[in-house]
Amino acid sequence: MQKYIDVDVYGMCGNLTCPSQENSACEDLVNSTHRFYLGFENSFCKDYVTEKFFRWFIRRLHVVPVVRGGADYSRFFPKGSYIDSADFPNVKALSLYLKQLSEDPEAYAKILKEKDKLMAKPQMNAWCKLCALAHNGGLRKVIPDIRQWSHYDGVCWEPTDLDTST
């Protein structure tokens, strides 16, 4: 992607660091200096969406999320409020679209307006929910081989949504 547009990479995979380990400080930095946030999943699973995707809506930040993963994002948020890499044939096409959007204030503002129509509210911490289910006897299902269940039954798979050859 950096072959076509400037991309800042924060954290362990990049050469830039956030002003603080606190998520909100990093999000505030990105919000004040960037138009897009690339939320690319490292695991492609049917119903897995990174919490970072939801945080851009919960905090109502003025950055357009660009997602790449295995979930059907339109189940969570309507099309037009984010950009899905699966809608593009390759990295170059996605990159050029992001460049075009950043140079077209009206088109960019249209996505932000669509995004701002939504209100996401934080729910109880997922770890707390998991702990409560484990200790309070909630529904139980035994999965004898978690790897078989997650990778070989079509729940998770290798990403193929972007052709990186061009």
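The values are calculated or read from the model by the stated rules, or taken from the named source; none is laboratory data. Source: prediction; values computed, not measured. With ideal geometry, Cβ positions are generated from the backbone for all residues, glycine too; neighbour counts draw on all protein chains shown.
For the reader, a short list of remarks on this structure follows.
- Output for segment 34-57, where each listed residue is polar (S, T, N, Q) and either touching a residue at least 24 places away in the same chain (Cβ under 8 Å) or in contact with a strand residue (DSSP E or B) (Cβ under 7 Å, 6 or more places away or on another chain) (or both): Ser43, Thr50
- Flag set for Met1, criterion: under 29 Å from Gly154 (Cα atoms), of a type in the set (A, V, I, L, M) and in a loop (DSSP other than H, G, I, E, B).
- Flag if Arg55 is among the basic types (Lys, Arg), modelled with pLDDT under 85 and either over 19 Å from Lys117 (Cα atoms) or in a loop (DSSP other than H, G, I, E, B) (or both): no
- Residue check, Lys115 of a type outside the set (Phe, Trp, Tyr) and either modelled with pLDDT of 80 or more or not in a loop (DSSP other than H, G, I, E, B) (or both): yes
- Boolean, Leu118 is more than 28 Å from Trp157 (Cβ to Cβ) and under 18 Å from the mean Cα position of the chain (by Cα): yes
- Looking only at segment 119-145, and only at residues there that are more than 20 Å from Tyr48 (Cβ to Cβ) and in a loop (DSSP other than H, G, I, E, B), the one that is modelled with the lowest pLDDT: Gly138
- Residues that are touching a strand residue (DSSP E or B) at 6+ places or on another chain (Cβ under 9 Å) and modelled with pLDDT under 85, drawn from segment 1-15: Tyr10
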